[in-house]
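Asker: Just passing along the structure, written as structure tokens.
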Ligand SMILES: *[C@@H]1O[C@H](CO)[C@@H](O)[C@H](O)[C@H]1NC(C)=O
């Protein structure tokens, strides 16, 4: 090959490699999707008599439901023995089932827990055809303390119960703050006591609209939001679609799946310290290890994103099946090493009561199938084509990065999406259900974030009064 040809080839190669990189980095983000604020998700015939009132709501575990649940728990067939020497590597270990079944059917104090479920005021109101259930708690404050609204969003397989221990900490009045939080904690549509859509299409972008409408229904034109898991994705969409309303976004699962992010992650594999702080390299690399973990752990996601109704038949019929399916996630997502513990480490991080409280949100309402459909409605072409992760948001953002969260991205990469990412808290501990596992750490971080958001707005002279 002549020198000239070699040079030509080199130029061609650079163009071939450079063009997509250039394209990914400099193409302008897609426009915001058209937002239909009134899209109807309930039965068509309800449209003409739309009731927009707020109705007080209390959880009631009725005797028939409890009896049926206990009968089903006791009537299970013998469990297939786990393999020799195996803990939770193949999934929930069946040797653990009997003690959980005994606890749920004989020891779980239903009526006492019902009172705990009702310790904070709850309501339902109909948004776009769906009755949305939410906790709303406003603390009593002295005259010089400003009340600030914060919506907290759970994910799958969690529920509003994840915030039980955090609520009193979040809403506490302190001499160190000139504000106190009023918390609004909805059950996502199709989860717990909130209605599910009756027709396809209620993906994470449309749920963002429903929850924005909920805040407006309650009279909040401007508010703060917090989310983990699906709650993080939905809250991120709210920050992207309603930046003039959302005053700040706090998340314990900061993630962004834009093509730029993926490209940087991939190139970063050549020399990880070029992408991520050296003490956090193992949260992102080696990619083979991260992908290996994803392959091992995300089977449920593929099922729920494609055939939620099939597995839903099994899980809504069998409380022991539901228990194994959900508690396996509370084990592995809290600490991956829990897979190697005979009992899945479950009671090292939570009480049995807490875990069954969360299961009751799914069992008592028969909502496991509709909860899983959120995956199908979001992991699809329609949602991907919106490119929401490519659209930057100016909403001030604060991220809390627990040690065992399912994914990690450094702040400089997240800044492509969250232009005003103002702080990052990195924990050496904690997992995916951080509000439930470490309520004090979680609440303090959220309060610091809201204080920082308020200063951020003050520095910019933005009116934050409601
Ligand atoms: C960011 O967080 C750190 C540690 O929590 C804190 O010391 C610092 O003041 C925070 N920065 C802002 C802008 O709030």
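Asker: Considering Cα pairs under 8 angstrom that are at least six residues apart, work out the relative contact order of the range 253-402 and quote it in whole percent.
Answerer: Across the range 253-402, relative contact order equals 33 percent.
Asker: Determine the gain in length on full extension of the stretch residue 347-residue 263; use 0.36 nm per residue of separation and subtract their C-alpha separation, reporting nm with one decimal.
Answerer: Result: 26.3 nm gained on full extension.
Asker: Indicate the gyration tensor shape class of the range 6-71 (rounded, prolate or oblate), computed on the Cα atoms with a ≥ b ≥ c the square roots of the eigenvalues: a/c under 1.5 is rounded; otherwise a/b larger than b/c is prolate and the rest oblate.
Answerer: prolate
Asker: At a 10 angstrom cut-off on C-beta neighbours, averaged per residue, how do the peptides 233-243, 35-45 rank from highest to lowest?
Answerer: Packing proxy ranking, top to bottom: 233-243, 35-45.
Asker: Then there's this: What shape does the range 120-216 take by its C-alpha gyration tensor, where a ≥ b ≥ c are the square roots of the eigenvalues and a/c under 1.5 counts as rounded, a/b above b/c as prolate, and the rest as oblate?
Answerer: Because a/c hits 1.5 or more and a/b exceeds b/c, the range 120-216 counts as prolate.
Asker: Also: What value, in deg cm²/dmol to 500, does the helix sum -39500 (n - 2.57) over DSSP H runs of n ≥ 4 give at 222 nm once divided by the residues of the chain?
Answerer: It comes out at -12500 deg cm²/dmol, rounded to the nearest 500.
Asker: What percent do you get for the relative contact order of the range 1-147 when only Cα pairs under 8 Å and 6+ apart count?
Answerer: Value for the range 1-147: 31 percent.
Asker: Here's a follow-up. In whole angstrom, how far apart do the alpha carbon centroids of the range 424-443 and the range 340-406 sit?
Answerer: The distance from the Cα centre of the range 424-443 to that of the range 340-406 comes to 15 Å.
Asker: Here's something else I'd like to know. Does the chain classify as rounded, prolate or oblate by the C-alpha gyration tensor (a ≥ b ≥ c root eigenvalues; a/c under 1.5 gives rounded; else a/b over b/c gives prolate, otherwise oblate)?
Answerer: Verdict is oblate for the chain.
Asker: Mind sorting 245, 162 by how few other Cβ atoms lie within 10 Å of their own Cβ, fewest first?
Answerer: With the sparsest Cβ surroundings first, the list reads 245, 162.
Asker: Convex hull over the Cα atoms of the range 90-165, averaged projected area in nm²?
Answerer: 8.9 nm²
Asker: Over the chain, calculate the relative contact order: mean separation of alpha carbon pairs under 8 Å at least 6 apart, over the residue count, as a percent.
Answerer: Computed value for the chain: 20 percent relative contact order.
Asker: Using alpha carbons only, how many angstrom separate the centre of the range 52-130 from the centre of the range 193-260?
Answerer: For the range 52-130 versus the range 193-260, the Cα centre distance is 27 Å.
Just so you know, all these numbers are worked out from the coordinates, no wet-lab data involved. Being a predicted model, the structure only gives us computed values, none of them experimental. Quick reminder, even Gly has a Cβ in these numbers, built from the backbone with ideal geometry, and neighbours come from all protein chains shown.
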